[in-house]
Every structure is written in C-alpha cells, then in structure tokens.
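The values are calculated or read from the model by the stated rules, or taken from the named source; none is laboratory data. Bear in mind the structure is a predicted one, so any value in this text is a computation, not a measurement. Here Cβ is always computed from backbone atoms with ideal geometry, including for glycine, and neighbour counts include all displayed protein chains.
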Protein chains: 2
Amino acid sequence: MSLTNASPEEAARAAKVSSRKLATLSTDARNAALDAVHDALSKGRGEILAANAKDLERSAANGEISPSILKRLDLSRAGKFDDMLKGIADVRGLEDPVGRVDLRTELDDGLVLQRQSCPIGVLLIIFEARPEVIANIASLAVKSANAAILKGGKESIESFKAISTAISKALETTQVPNDSIQLVTTRDAVDPLLELSQYIDLVIPRGSNELVKYCQRKAHMPVLGHADGLCSLYVHLDADKSMAVDVILDSKCDYPAACNALETLLVHEDALETILPHVASTLIAQGVTLRCDERSRTALSKHLPEDPSLVLQNATDADYSTEFLDLILAIRTIDGVDAAIDHINTHGSHHTDAILTSSKEVADQFCNGVDSACKFWNCSTRFCDGMRCGFGTEVGISTNKVHARGPVGLEGLMIYEYRLSGNGQGAAMYGSGRRQYKHKRLPV
Amino acid sequence: MSLTNASPEEAARAAKVSSRKLATLSTDARNAALDAVHDALSKGRGEILAANAKDLERSAANGEISPSILKRLDLSRAGKFDDMLKGIADVRGLEDPVGRVDLRTELDDGLVLQRQSCPIGVLLIIFEARPEVIANIASLAVKSANAAILKGGKESIESFKAISTAISKALETTQVPNDSIQLVTTRDAVDPLLELSQYIDLVIPRGSNELVKYCQRKAHMPVLGHADGLCSLYVHLDADKSMAVDVILDSKCDYPAACNALETLLVHEDALETILPHVASTLIAQGVTLRCDERSRTALSKHLPEDPSLVLQNATDADYSTEFLDLILAIRTIDGVDAAIDHINTHGSHHTDAILTSSKEVADQFCNGVDSACKFWNCSTRFCDGMRCGFGTEVGISTNKVHARGPVGLEGLMIYEYRLSGNGQGAAMYGSGRRQYKHKRLPV
C-alpha cells in the first residue's frame, strides 16, 4: 500500500499485477494482515485524529462543504473510531469467500469439472468525505483477495494520508503485496481511472448520487451501486391499520436521508378514509410534509384535526419521481395492486418497494410484478441493508440487473472460475459413435 | 413477437413492459410456449427453407460475404434444421431457472428474508449470419422468462422473417405476451439500441470479434461475451509425452476456428528435446505451421526429420498476442510455471488456459496464478463449452469478471431478488438496548 504520486495508469497496472499474488494467499495470511491493520489503526489513533482535525479545520475555514458533510468527515465523533476498528474485526471474522466450490460434475471417467469462487481482481473505490471508508474498503479487499485502488476526496486528504500510512506500514509486515492497495490522491484522476478497463474490473462509488451517476456514465468497466433510492410502499385495502402506521412511520422517519427511506406512498382508494388518516396524523406529528393527489387530499381533509391547508400540499407529477431524502412524502391514490405495480415499475428506481396487505396472494402478486431488487411485505423498507440482512458487512446496495443486486455483502466482490482436470482427454473423443459424456453431478 | 418497423426505442420500451408480465408466467406456461414454437417451426420447414434459399441466392449473387459465412447462413445443410428443432426441445427440457431459492434467513421472529432467482429483464441479442440463432435465443428467452430484442444481420433477412413469423404465430396461441420477443431489422438500429439502458439490461452479441468489441465499446449496459479467445497451454517438464501429443493435437486441430482452440504453446526448457519434437511432428503432419522462438526452433531443428526451414517459422512478439483461428501455433520456451503464468496473464485473453503436468502441486500453482475463466489440467482447451460442461445449452462464453464467466448456461440469463416478509417490524425496533437480530439461516 503506497500513497503514491504514480499516474492512474501506473497505479492500476501495479494493482493488477499484485492482484494475482494476493489471489493466491491463504485464508490465514489474509486474516493475519487484517489483524495487523487493526492493531496499527488502534495504535495510530492519536495521529489519525490529529490529521482528521486538520481536515475539519481547513474545511470549516474555507466553508466549501456543508455541515452534514463536515459531520461525516469528523472521525472524533463518539464511537466513530471504535466503529471503524470493530468493522475491521468483523470483516476478519467473516467466513473466507475465496475458493468455495459450488459445482462439481464428472464429465466422464477421470474428467472432473469444478466451479469455485475467486476474487474479481482489481476494484476501484471512489469515495467522498468519510475517511473511515478507507479502512473499511481496505479490509474488505484484503478479506476477499481483491486488489483495490482507493480514490479519496480532497476534503479528507490529511485523514486519508494518516490512515493509509498506518495501514501501509502494517501490511508491510504481512504477506499481502504492497501494491495491492493503491491510494490515489491526484486531482483529476477519476476520468483516466474510469477508462482503464484492462486493469480495473469493477468500480464502487461511495458517495453522492452525482458521483454514482458520473461513474455509471463514464466507466468502461462495470459499476456496482445505485444512483437513486426511490422507495414506494403500497397500502392495500385489507392492510392492518396499526401495522400501517408503524411500518410507514419507520420507513419514512427512521433515517429520511437514507436510500432505503420511503418516498412515495400508494394508497388503495378504499383505504383513503380508513387507514390513511391515522398514518397521516402520525407522520404530520413527526414533521413530515405530505404531498397528496386530489383524492387523498380530499379524504384527509375530512379526517384530519388540523387545518389541511397548513399540513397538506398538492403533489405534482415530478413528486412521484423524486427522491426527497427529507421529511417529505408523496401520496397517490391507486385502484389496486396492478396499478401499484405499474406505478412502481414506471416511477421507481428498482431499489426497495413494499406492500402492506393481509393477503399472501396479493403480496405474491405484488412481489412477482414489481421489478425491484427488494420486495418487502408487511415490514419497513429500512431493512434493505447488508448488516440487517445478516451479510456481516455491506459493500453497497445495487440496483444493477446483473452480478449483484440489493444489499451486497462480500459475495459481491467475488466471481467464479472453472477448473477441469483430466488424464489426457480431447473433445474429439466424444460424439456420435464415440464416447458419451456422463455429466454426473458430484457432491461439493 | 412482431417483426416491426417500430423504432428501436419503441421496441425496447414494449419489451420492457411485457418483460414484467413474462416474469410472472408459470413454468408450464413457458414450456407450453416452447412446444408451440417447436411445432410451428417443424410445420413451417418448407417455407423457412425457401426463404433461406433466397438469402443464399442473393448473398452468393452479390458476392459480399465469404464462403464460410455463406455456409453459416445455409439452413438446408444436413441436420441443421433438425438441430435447430432439437435445440428448442432441449431448452424446454431444462429445469426451470426461475424462482430458485438459494438463501433463507430468519432475521427475527416472523421476519424472514428469502433470495430467489429471477429473469434479468430485457436482453438485446445482436447476431450476424446464422439464422437458427433466432430460434435458439427466442427459446432461451422464453425459458428464462426474459424479454428479448433480436437484431439480425441483413444477409439473413428472409430467413429471419420466415422463422420469426412462424414463432410469432405460435406465441400468439400461448400466454407469452406478444411484445416479449421484439425483432428489429432496421438498419443502423444497433447504435440507438446500445444506448437504451433504461429498457435493455444485457447485450449478448453473437458474431465476429469486431461485433463483440463494438458492443463492448458502445453499450451503455453490460455486455456478455468475449472478444478474443487466445488460449495457451503450458507443457511442464514432467508432462506425459503421449498425453501431450493427444491433448495438444485436440486443442489445436479439433476446430481451429473456435474460440477455445489453442493459439500459444508454452514449453518448459527441459521438455524442448524430450516432449516437443513428438508434439511438433504430429502437428506438422496435420498441416500446422509452427512459429517458434529461437530455443524451441533450435531444439526442433535437431529432432525433426523434415527440413526445419520448410516447416518452422520464426515467431515475432505479435504472434504471442494473436488469435490465429487457423492451423498456426506460436511456441515459446519458458523456464517454469511462474513464467508460464506471467506469460498467460500478460498475453492471454483470460478465456481458457491449460497445463500438462504430472504434479498436482504444480497444476494447483498454475491454476491459482492464472487469471482466466477456465483453467484446465491434463485435458484439451476444447472442453470449454456449455454443452460439454453439462449445462444443457450455451448462451455464450464470457471473459467478464462480473456476473457470468466461462461457458454460460441459462444461469447467465438470471439474477436474483430479495423478498422479506414480516408482521409490522420496523428498523428502529432493533439496536443497542432494543431487539437483536437473530440471523438464523433456514433450510431452502
């Protein structure tokens, strides 16, 4: 690991070469490297926090970044440094994702095919303010035997240097090749890196929607992630009223800035006066602004104790395609599950969509029809998360239609390879009038 | 299925909309559609072959295409039509790839996560001369519940129309939505189609290297396939001589124009005079031209009965990066397995590479070090093939590092989705001092 002034191409080539050596290291060798990284960051806490304070001071002084980004940058916040260390220990404790055999077939006597998991190769991680991502991604890369190129934002440059120096020194004492984690701080390195498809196999942007969209548009290699998280929830006429209040409150208000927060509420017309008023009252009490279509506004106006003109707004078409990331909810009246499916497939972002209904049949119809990574029935959209889903870590949430979809754990950093071993067989030995393949599935 | 004059955008949008309906059809409904397609093509044989004859006549007359492409275009060749029909029946007989559950986790009491396979959505298949690909891909799409846009080449236009009309009429009698197979014959439709990432999820080019490279460069969505198949085989010093002759002969000569044919032979320096001469004699007898580095040429000159200047050529650097697709083999002397790995990772195309050795340890070292989709030990590179590997069909061979790699069966047309069912849970119920996740793995 080296904080280089190397060109993007040099860094990428070096990562590619070392990725092959990294791919051959044992589980123990990779876990020992994670222990070394954990210890080094633990011992380097004072220096890292001092460097981070410089970033905070400079960023606050030049006023170029928002308070929320400043908060993300701040490693001295209670528990944040310990969480970073715990994250490394957690990743170390995960089962080794390398070399898992998931298919064995005897093609013929003594000709055995095996499919096994292996690292993808070289990951390019582009991140913005949060400096702890360096440690997080470096540990995911080492665990999964992928080389990684880390490209950080300028606001976290001092923290980046301090953390990376500590990690670099730690890795030098291990079998992990030095070049397998490359750090790039050069300005304007992103565009050249996104073109180096001969060296870089996968891009993972960790930051704003704009960053993700930029990478998706520019990258010559696959990009893992999602730009938008426009999650919808459909309340069917037979939904449980109290459950609707709880689940919608959690989906909208638990963390409104998250990609898995609720943005659009679809309400069956027969639930407008029975369920929606209770939901609306609770949301309004939490400070949520409701942007309603005409029918839902009319229904709520009859049932809300408040003056509706103070708490309800008229929804525009654009509101149904907007990820508010704020205490705002678009509400639309729907005449049934098919219309809900159509609305979601047209306006949604294929991330996470939910239904509230007491009918398994209706829930299945909804889940079969909706084209999203995650389809939830009678629970909050906020469960779309790698840790909550039990993956032990989260590389990101993907709305891609190939490779990895939904909350992505370590598996998303793996691909597979085929190994075939024989004793001299050739393809010309097989066919009509010759030997026949056995294709016998063997236990794995 | 309609052979439309629709714009690329209209065709793609229609495919996307109908893909959601297709995704909800039962196994039986999709298999019934495959039966109908099979019957229709069987009954339409006369008309289809008449249309194909027009294509052949026109193409032969205007002299624009090569004899080998003319041969690919010809559906009247012995067995070809029956093979097409058998292909549909074979695909119909495969296990349904939709809805396979591969993960179930109880996150908490009554909160169960399930991961299950589902179609990707909309495939864009671009193919050149071979008209039977229409039937092949249409049946793969129906089986896997993916909508497909088929873009054929102008040389097969009449065959394309005849086959597609038969398939279209057949599908009209089934539950498969008409729009789920779109046929595009408009010239210049490729570029606009490759930009429609909002509707098209995956591109599968079936044709020349140039077509594949063009799609990889231009597509705004993932491309499945491989441009080059530069396969190498390394002969370690302890390889079995007779096995070396058999395996190298098969790898090189069984079908030299295939992507899995051998292009570069790496020979350990201690095998130059013991094994290589036997291999070379056999290859020369089959008409293979050998392009040798200096050491291998010197060794062969001593041992070959023929005048070496007549049968050996000097290799240039470019020969080690060339996919000959012909009876030409580049030969290079190597001082050990590490050098073989380096050569292959630098010059190869990450498709299929093989080693001949009697040592499992050396074979493992080779397989761990080589960065290719397929790593073969003591058998021919020609086994890299979906049918031979027992996948029942082959969508293509992929050198991608994400999603699908190596020979790709129906699985490559699938992705997965998460379904979570609860009874009112919200994320705020969990955490420090609150409920804890159980993350109990359930049987699938």
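Results, tabulated for the structure shown:
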{"read-out": "Filtered residues of segment A:193-211 (kept if of a type in the set (G, A, S) and part of a strand (DSSP E or B))", "value": "none"}
{"read-out": "Matching residues in segment B:363-397 - criterion: being more than 7 Å from chain A (Cβ to nearest Cβ), under 19 Å from B:P256 (Cα atoms) and among the hydroxyl-bearing types (S, T, Y)", "value": "B:T381"}
{"read-out": "Any chance B:V267 is buried (at least 20 other Cβ atoms within 10 Å of the Cβ) and assigned to a strand (DSSP E or B)", "value": "yes"}
{"read-out": "Residue match in segment A:15-23 (condition: in contact (Cβ under 8 Å) with a residue 40 or more places away in the chain, farther than 19 Å from A:R92 by Cα and out of contact with any helix residue (DSSP H, G or I) (no Cβ under 8 Å at 6 or more places or on another chain))", "value": "yes"}
{"read-out": "Answer residue from segment A:99-140, given it is in contact with a Ser or Thr (Cβ under 6 Å, 6 or more places away or on another chain) and modelled with pLDDT of 95 or more and is farthest from the other protein chains (Cβ to nearest Cβ) among those", "value": "A:R100"}
{"read-out": "Matching residues in segment B:398-411 - criterion: being among the β-branched types (V, I, T), in contact with a Gly (Cβ under 6 Å, 6 or more places away or on another chain) and at the interface with another protein chain (Cβ under 8 Å from one of its Cβ atoms)", "value": "none"}
{"read-out": "Residues that are more than 7 Å from every other protein chain (Cβ to nearest Cβ) and over 12 Å from the mean Cα position of the chain (by Cα), drawn from segment B:412-433", "value": "B:M414, B:M429, B:Y430, B:G431, B:S432, B:G433"}
{"read-out": "Selected residue (only one of B:G63, B:G110, B:G121 is free of Cβ contacts under 8 Å to residues at least 40 places away in the same chain and on the phi > 0 side of the Ramachandran plot)", "value": "B:G63"}
{"read-out": "Neighbours by Cβ (under 6 Å, 6+ apart or cross-chain): first from segment A:328-341, within 14 Å of chain B (Cβ to nearest Cβ); second surrounded by fewer than 23 Cβ atoms within 10 Å (Cβ to Cβ)", "value": "A:V337/A:V362; A:V337/A:Q365; A:I341/A:G369"}
{"read-out": "Test: A:K213 is of a type in the set (D, E, K, R), out of contact with any His (no Cβ under 7 Å at 6 or more places or on another chain) and under 30 Å from A:S42 (Cβ atoms)", "value": "no"}
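Residues are listed down the side, and each one gets a yes or a no for (1) surrounded by 24 or more Cβ atoms within 10 Å (Cβ to Cβ); (2) in contact with a His (Cβ under 6 Å, 6 or more places away or on another chain); (3) within 15 Å of A:N368 (Cα to Cα):
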position: A:T316; (1), (2), (3): no, no, no
position: A:D338; (1), (2), (3): no, no, yes
position: A:H343; (1), (2), (3): no, no, yes
position: A:A354; (1), (2), (3): yes, no, yes
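For (1) among the charged types (D, E, K, R); (2) crowded, with 18+ Cβ neighbours inside 10 Å; (3) assigned to a strand (DSSP E or B); (4) assigned by TED's automatic domain parsing to the domain that holds A:H350, each residue gets a yes or a no:
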residue: A:Y214; (1), (2), (3), (4): no, yes, no, no
residue: A:H220; (1), (2), (3), (4): no, no, no, no
residue: A:D238; (1), (2), (3), (4): yes, no, no, yes
residue: A:L249; (1), (2), (3), (4): no, yes, no, yes
residue: A:P256; (1), (2), (3), (4): no, yes, no, yes
residue: A:C259; (1), (2), (3), (4): no, yes, no, yes
